[in-house]
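Trainee: Take a look at the following structure, please.
Taken together, the values in this text are just the output of simple stated rules run on the coordinates, not laboratory data. Treat the numbers as computed from the prediction; the structure is a model and nothing was measured. Quick reminder, even Gly has a Cβ in these numbers, built from the backbone with ideal geometry, and neighbours come from all protein chains shown.
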Amino acid sequence: MLTIRFQRTGNKNNPDFRIVLAEKHRSATKKVLEVFGGYNPRTKQFHLKDKEKLLAWINKNVDVSPSVHNLLVKKKIIDGKKVRAWKPKPKSSEALAKDGAKEKEEATTEVKPEDKKKEEVKVEEKKEEAKDEPKVEKPEEKKE
């Protein structure tokens, strides 16, 4: 089964993509059957070598990756609506329960301004008590 998709060719932190025809089950960096063009997401530069070849493969019902499909729709090469190319993984029920518990704790632990003043006074009292108490020095152990 064939698919039209991106093949990353850029350097680290400098992405650049080729639009290629490749086997669906193969890695995107491996052997490709045909290169149609390229796209640089930083500069938004887009080029096609042969638009007719690309459209011919699409007319043969070759799969097109969602990202490539959206790019071709944006550049008005094919007609249609954009598709959802990415969606976040659904959270597990345990993660949802933890998030709900954290939100409840935050809501119940909100401190009123009056309570903040009381806490500040308690902290100051503890500091004063610590100053008044005599320090007890621990005898050092002798090493043999």
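Trainee: So in the range 36-77, with the set limited to residues that are among the β-branched types (Val, Ile, Thr) and without any contact (Cβ under 8 Å) to a residue 24 or more places away in the chain, which one is farthest from Arg18 (Cα to Cα)? Write out each step before concluding.
Mentor: First, pick out the residues of the range 36-77 that are among the β-branched types (Val, Ile, Thr): 43, 58, 62, 64, 68, 73, 77.
Among the residues that remain, those that are also without any contact (Cβ under 8 Å) to a residue 24 or more places away in the chain are: 43, 73.
Numbers: Thr43: 14, Val73: 17 Å.
It comes out as Val73.
Trainee: Moving on. Given the criterion more than 19 Å from Leu2 (Cα to Cα) and either surrounded by 10 or more Cβ atoms within 10 Å (Cβ to Cβ) or in contact with a strand residue (DSSP E or B) (Cβ under 6 Å, 6 or more places away or on another chain) (or both), identify the matching residue among Lys75, Lys53, Lys81. Break it down stepwise before answering.
Mentor: Values: Lys53 fails: more than 19 Å from Leu2 (Cα to Cα); Lys81 fails: either surrounded by 10 or more Cβ atoms within 10 Å (Cβ to Cβ) or in contact with a strand residue (DSSP E or B) (Cβ under 6 Å, 6 or more places away or on another chain) (or both).
The unique qualifying residue is Lys75.
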